[in-house]
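Down below is the structure, laid out as structure tokens.
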Amino acid sequence: MGTRSRRDVLAIGAAGSFALTTAAEAAGFGNPDAPAEGALNSTPGALSDPGPQDQATTDQLPSFESPPPTDVGGMPTFWSSFNIAPKRIQAGGWARQMTTESFPISKAMSGVNMRLGPGGIRELHWHLAAEWAIVTNGRCRVTVLDTEGRAFVEDVGEGDLWYFPPGLPHSLQCLGADGCEFVIVFDDGSASEYNTLPMTDWLAHTPPKVLGQNFGLPPDAFQNIPLNNLWIFQGKESGSLEVDRAAVAAGGASTQGFTFGLASSQPVRESEAGSIRLADSRTFKISTTIAAALQVIKPGALRQMHWHPNADEWQYWMKGQGRMTVFDAGPRAQTADFHPGDIGYVPRGHGHYIENTGQEDLHVVTVFKAPEYQDLSNWLARTPPELVAQHLNMDIAVVRTFQATRYGIQAAVPKAG
Ligand code: MN
Ligand code: MN
């Protein structure tokens with residue numbers, strides 16, 4: 001803005017007599033940058049974009065094609081999508097992923113989208129990253145061994161979570177005739193579903209004599225084991241949960257809860273504008289390295305301006321459509337549009353907000369590499385109004401109304417006063 005304040009511009013605009021007050025400036029309360037950014041501050045000739053371009057992609061990302069004039073370019077891309085990740089398809093199911101290698105900002109966490117068909121099995125394996133997941137479709141059975149060497153076997157469905165601590169061996173098995181789908185988050189951006197330690201690989205690379213001695217059997221007992229790992233494979237439909245649990249009961253059942261019903265939990269915040277549900281180590285005790293929030297934002301509503309002081313945020317956009325703007329020092333600000341299957345990533349401490357730009361509820365699950373969920377959004381309501389009023393050139397009576405605002409998700413038309 002140079003030497004003029006936004007208020008000056010508004011005042012001049014109201015008077016309608018100052019040549020420098022363009023329609024563009026008035027529409028944005030005056031542009032904050034010099035030189036000014038945004039289509040409003042340009043000309044039709046300069047805005048033209050005859051191509052070549054991929055119109056379908058451009059149409060999906062209108063905020064990239066024409067950023068709001070309050071954006072400042074130059075922020076690392078925080079938008080990605082499973083829709084641009086190649087699938088690895090095998091008999092039994094498929095998976096695709098987005099790690100730091102293909103999404104550089106995603107350093108603290110990586111994401112995997114996996115589907116298992118009827119009878120599909122993700123084979124017994126382990127890895128050094130912790131594994132958090134949310135079921136998005138169908139039902140599946142998880143098995144995991146706890147640190148006492150006891151079995152945990154449980155069935156999960158849509159909206160349920162699992163968490164496997166680093167190094168604990170586990171498997172996933174589709175239940176029912178319709179297949180199942182889930183999204184996995186590893187607490188390490190470089191962790192890959194293609195680089196795990198499969199049980200079959202280890203056995204194939206162990207001499208038969210050692211295998212025999214290990215299990216107290218003749219070496220020939222292992223003559224038909226697969227010589228390549230299975231990763232995902234077509235198995236038989238599993239039996240009842242009770243039968244599977246009973247089959248491993250002799251070793252003792254794990255008392256740890258490796259699964260959690262996030263979608264069926266009580267919201268921590270709920271209003272006509274939407275809801276927020278949480279699962280972190282305070283409620284989902286085993287999940288010591290991952291905290292998660294499931295946000296439902298109604299049409300026209302806003303997930304208010306906030307940031308997270310303790311962790312990066314990894315996002316999976318599940319339903320509906322919206323857009324997010326991220327703010328960082330510089331100043332830098334960038335807006336991106338999101339659709340189902342897209343991934344967002346907000347580094348720790350970066351301010352951000354989400355607008356539902358569609359006609360249906362927007363569902364976004366946000367995942368943090370932290371033991372506890374923390375967000376900050378009510379700062380200006382908890383600071384002496386006199387101090388805030390001096391910063392913002394606002395009437396102190398108006399600033400005091402900040403204290404009456406509910407923080408979380410704000411409806412399309414906020415109540416006055
Ligand atoms: Mn795993
Ligand atoms: Mn957030």
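Between the exposed loop cleavage positions of the chain, defined as trypsin sites (Lys or Arg not before Pro) in a non-H, G, I, E, B DSSP state with at most 13 neighbouring beta-carbon atoms within 10 angstrom, the longest gap is 1-235.
Using Cα pairs under 8 angstrom and six or more residues apart, how large is the relative contact order of region 312-417, in percent?
Working: 148 pairs, mean separation 28.4, N = 106.
It comes to 27 percent, rounded to a whole number.
In the elastic network of the chain, a GNM with C-alpha springs shorter than 10 Å, the most mobile of ASP375, ASP337, ASP49 is ASP49. Given springs between every Cα pair under 10 Å in a Gaussian network model of the chain, which of GLN256, GLN53, GLN304 has the largest fluctuation? Result: GLN53 has the largest fluctuation of those listed.
Distance between the pseudo-spin-label points of GLU242 and GLU372 (7 Å out from Cα toward the beta carbon): 4.2 nm.
Computed FRET efficiency, Cβ-Cβ of GLN390 and PHE29, R0 22 Å: what is it to the nearest 0.05? After rounding to 0.05, the efficiency reads 0.70.
Remark: spin-label model distance SER42-SER271 equals 3.6 nm, labels positioned 7 Å along the Cα→Cβ axis.
Which GluC sites (Glu not before Pro) from region 172-274 combine a DSSP loop assignment with at most 13 other Cβ atoms within 10 Å?
Within region 172-274, the qualifying GluC sites (Glu not before Pro) (loop, at most 13 other Cβ atoms within 10 Å) are GLU237, GLU272.
For MET109, MET324, MET394, MET305, what ranking results if the residue with the fewest other Cβ atoms within 10 Å of its Cβ goes first? Write down the numbers at each step before the final one.
Working: MET109 28, MET324 22, MET394 14, MET305 17.
Final ranking by Cβ density, sparse to dense: MET394, MET305, MET324, MET109.
Aspartates and glutamates within cross-link reach of LYS209: Cα-Cα under 16 Å, excluding same-chain residues under 8 positions apart? Candidates past the 8-residue exclusion: ASP220. Potential lengthening of the chain between ASP54 and THR206 amounts to 49.6 nm, from the contour at 0.36 nm per residue minus the alpha-carbon distance. Within region 309-417, the GluC sites (Glu not before Pro) that combine a DSSP coil assignment with at most 11 other C-beta atoms in a 10 angstrom radius are GLU360. Loop-resident GluC sites (Glu not before Pro) (DSSP state other than H, G, I, E or B) in region 23-127 with no more than 15 further Cβ atoms inside 10 Å of their Cβ: GLU101.
Label-to-label distance, LYS285 versus ASP220, with points set 7 angstrom from Cα along the beta-carbon direction: 5.0 nm.
Label reach from SER190 (point 7 Å along Cα→C-beta): in region 79-99, amide nitrogens under 16 Å belong to 99. Counting every other Cβ atom within 10 Å of each residue's Cβ, SER238, SER190, SER110 order from fewest to most as SER190, SER238, SER110. Set the Förster distance to 22 Å, then compute FRET efficiency between LYS319 and GLN90 from the Cβ-Cβ distance, nearest 0.05. Efficiency, from the Cβ-Cβ distance: 0.20.
Along the chain, counting only chymotrypsin sites (Phe, Trp or Tyr not before Pro) with a DSSP assignment other than H, G, I, E or B and at most 16 other Cβ atoms inside a 10 Å radius, the longest segment between sites is 195-417. Computed about the Cα centre, the dipole magnitude for the chain is approximately 560 debye when only Lys and Arg (+1) and Asp and Glu (-1) carry charge, each at its Cβ. Pairs over the 28 Å Cα-Cα cut-off, from the set LYS87/LYS107; LYS107/LYS298; LYS87/LYS236; LYS319/LYS369: LYS107/LYS298. Note: relative contact order over region 153-258, using C-alpha pairs below 8 Å and six or more positions apart, is 33 percent. For the chain, the relative contact order comes to 15 percent (Cα pairs under 8 Å, sequence separation of at least 6).
Here the calculated FRET efficiency for LYS107 and ARG406, from their Cβ-Cβ distance with R0 = 45 Å, stands at 0.85, rounded to the nearest 0.05.
Taken together, the values in this text are just the output of simple stated rules run on the coordinates, not laboratory data. Values in this document were obtained by computation on a predicted structure and should not be read as measured data. Quick reminder, even Gly has a Cβ in these numbers, built from the backbone with ideal geometry, and neighbours come from all protein chains shown.
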